[in-house]
């Protein structure tokens, strides 16, 4: 079987269009595409950008081999000159993107491509695949982590993920979003996301008694073992047997770190009972882990009920983002360079106002209040606009042009950073730990109102006056 080449993980029409671009001599023209999304999953206040590292690897390795060319030739619709072009294909353009872990909002570019038309077209599918999937999971993970109110959340979803990459890269994205670790060994090996685990019910069932199963496990792994206590009867046998083994095996060694896991039943009720039983036995350092089809809503309810849970293991509802399983990132043409090298803005018009695009090659500023440090708003500007944060700056809501706000004591920061320049990577990807730490810090810069689960405050993503005027001119040109 042929080794897969991710260059071929591409919608077929990208190649038919590219063949046309080549035939009509458009392929040398530089074009600009933006990646953005329109709606936050779960009706939340923001998303968390993730998946850039995989895009970088993909771009670096982008090529077509002899088998790929033979495949295209077998279709009987591609010009030989175009196939010759693909033999030496590589990406030669520029890419800007927001760093992974950055909170991002609807309708603002999270990645921008400037490249010859064919190159920009062919990378669309994989760029969207990578950013959409990992941004979705990082966003969901962060909701769950915030619901846990400081308790650790572990990603347990591999066996319910949608395929191998869904499991591995989903666990990576979950760590960016705030999870403390994963059950996925391969994600640890490849990306350094801490992997760990406890035991399954099958371990307990393999022994003649629950007590023997627990004792054997603690003897094998005396350094902070976690025992699954609900195989038979949580309160009558599971927790009492765990207490007995902890006292017999761990305490004589001077070890006090241990945990139990609840995987069924009424987690709130059982965790309170377990906490009392453990404390009465003198095992005050013993932690309680809970799992079983959890998500942010269930965890929030458990916290409101006073559940005595120290760690949450979250699986299927995290790794698939089951309540909102699609991140609707899109890849839209926003400008084309003419023969003289001038940038001509382009717009997509629709009867559905939400689908009208913001044209032109852009930069994105995020404005921070100097007193509180909090993010105030984002502004989309034309690529050559410069915001001077030493002077008052007026922003306005493009959906309500009468609504303006003048910023005085603020700091302006560009969100998009260079990733590729003339086909060469100019960006050093941070470690996964650095990305997770950065994400946590950026979330702290958002107002609590933006982070609400229900009816979050709309964070404003505004257009500069210049960009707003350009958009209106184009809309008038293309009146329906």
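The strands (runs of 3 or more DSSP E) found entirely in the range 244-339 that carry 1 or more residues being in contact (Cβ under 8 Å) with a residue 60 or more places away in the chain and not assigned by TED's automatic domain parsing to the domain that holds residue 197 are 330-337.
For every residue, the table says whether it meets (1) touching a residue at least 12 places away in the same chain (Cβ under 8 Å); (2) within 35 Å of the chain's Cα centre (by Cα); (3) surrounded by 14 or more Cβ atoms within 10 Å (Cβ to Cβ).
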residue: 163; (1), (2), (3): no, yes, no
residue: 171; (1), (2), (3): yes, yes, yes
residue: 178; (1), (2), (3): yes, yes, yes
residue: 186; (1), (2), (3): yes, yes, yes
residue: 200; (1), (2), (3): yes, yes, no
residue: 204; (1), (2), (3): yes, no, yes
residue: 216; (1), (2), (3): no, no, yes
residue: 237; (1), (2), (3): yes, no, yes
residue: 241; (1), (2), (3): yes, no, yes
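Within the range 60-78, residues that are assigned by TED's automatic domain parsing to the domain that holds residue 426 sit with their Cβ atoms under 6 Å from residues that are surrounded by fewer than 10 Cβ atoms within 10 Å (Cβ to Cβ), at 6+ positions apart or across chains, in these pairs: 67/2. For the range 43-78, a residue qualifies if it is farther than 30 Å from residue 456 by Cα and touching a strand residue (DSSP E or B) at 6+ places or on another chain (Cβ under 9 Å), and the qualifying residues are 55, 56, 59, 60. State all residues of the range 1-16 that are touching a helix residue (DSSP H, G or I) at 6+ places or on another chain (Cβ under 7 Å) and within 30 Å of residue 105 (Cβ to Cβ); if no residue qualifies, say none. Selection gives 6, 9, 10, 11, 14.
Residue 14 falls short of the stated requirement of being outside any strand (DSSP E or B), within 17 Å of residue 330 (Cα to Cα), in the same structural domain as residue 335 (by TED's automatic domain parsing) and in contact with a strand residue (DSSP E or B) (Cβ under 9 Å, 6 or more places away or on another chain). For the range 316-335, does any single residue satisfy the condition of being over 30 Å from residue 94 (Cα atoms) and touching a strand residue (DSSP E or B) at 6+ places or on another chain (Cβ under 9 Å)? There is at least one residue in the range 316-335 that is over 30 Å from residue 94 (Cα atoms) and touching a strand residue (DSSP E or B) at 6+ places or on another chain (Cβ under 9 Å). When the helices (runs of 4 or more DSSP H) confined to the range 147-222 are screened for residues that are within 27 Å of residue 451 (Cβ to Cβ), those reaching at least 1 such residues are found at 164-176, 185-191. Residue 373 meets all of the listed conditions (1) part of a loop (DSSP other than H, G, I, E, B); (2) surrounded by 15 or more Cβ atoms within 10 Å (Cβ to Cβ) but one, namely (2).
Among the residues of the range 340-353, is any outside any loop (DSSP other than H, G, I, E, B) and closer than 18 Å to residue 460 by Cα? Even if it seems obvious, please write down each step before you answer.
First, pick out the residues of the range 340-353 that are outside any loop (DSSP other than H, G, I, E, B): 343-345, 353.
If we keep only those that are closer than 18 Å to residue 460 by Cα as well, we get 353.
For the range 340-353, residues outside any loop (DSSP other than H, G, I, E, B) and closer than 18 Å to residue 460 by Cα: present.
Looking only at the range 26-41, which residues are buried (at least 18 other Cβ atoms within 10 Å of the Cβ) and either over 15 Å from the mean Cα position of the chain (by Cα) or more than 23 Å from residue 95 (Cα to Cα) (or both)? Explain how you work it out, then say what you get.
Narrowing the range 26-41 to residues buried (at least 18 other Cβ atoms within 10 Å of the Cβ): 27, 30-37, 40-41.
Selection gives 27, 30, 31, 32, 33, 34, 40, 41.
One residue is enough: does the range 120-139 have a residue meeting the conditions out of contact with any helix residue (DSSP H, G or I) (no Cβ under 6 Å at 6 or more places or on another chain) and free of Cβ contacts under 8 Å to residues at least 60 places away in the same chain? Among the residues of the range 120-139, not one is out of contact with any helix residue (DSSP H, G or I) (no Cβ under 6 Å at 6 or more places or on another chain) and free of Cβ contacts under 8 Å to residues at least 60 places away in the same chain, which makes the answer no. Can you find a residue in the range 28-35 that is on the phi > 0 side of the Ramachandran plot and either assigned by TED's automatic domain parsing to the domain that holds residue 96 or touching a residue at least 12 places away in the same chain (Cβ under 8 Å) (or both)? No; the residues of the range 28-35 include none that is on the phi > 0 side of the Ramachandran plot and either assigned by TED's automatic domain parsing to the domain that holds residue 96 or touching a residue at least 12 places away in the same chain (Cβ under 8 Å) (or both).
Tell me the strands (runs of 3 or more DSSP E) entirely within the range 384-480 that contain at least 2 residues that are under 30 Å from residue 63 (Cβ atoms) and at pLDDT 95 or above. Even if it seems obvious, please write down each step before you answer.
Numbers: elements: 393-397, 400-407, 410-414, 417-421, 461-463.
By residue number, 417-421.
The values are calculated or read from the model by the stated rules, or taken from the named source; none is laboratory data. All values reported here derive from a predicted model rather than from experimental measurement. So basically every Cβ, Gly included, is an ideal-geometry build from the backbone, and we count neighbours across all protein chains shown.
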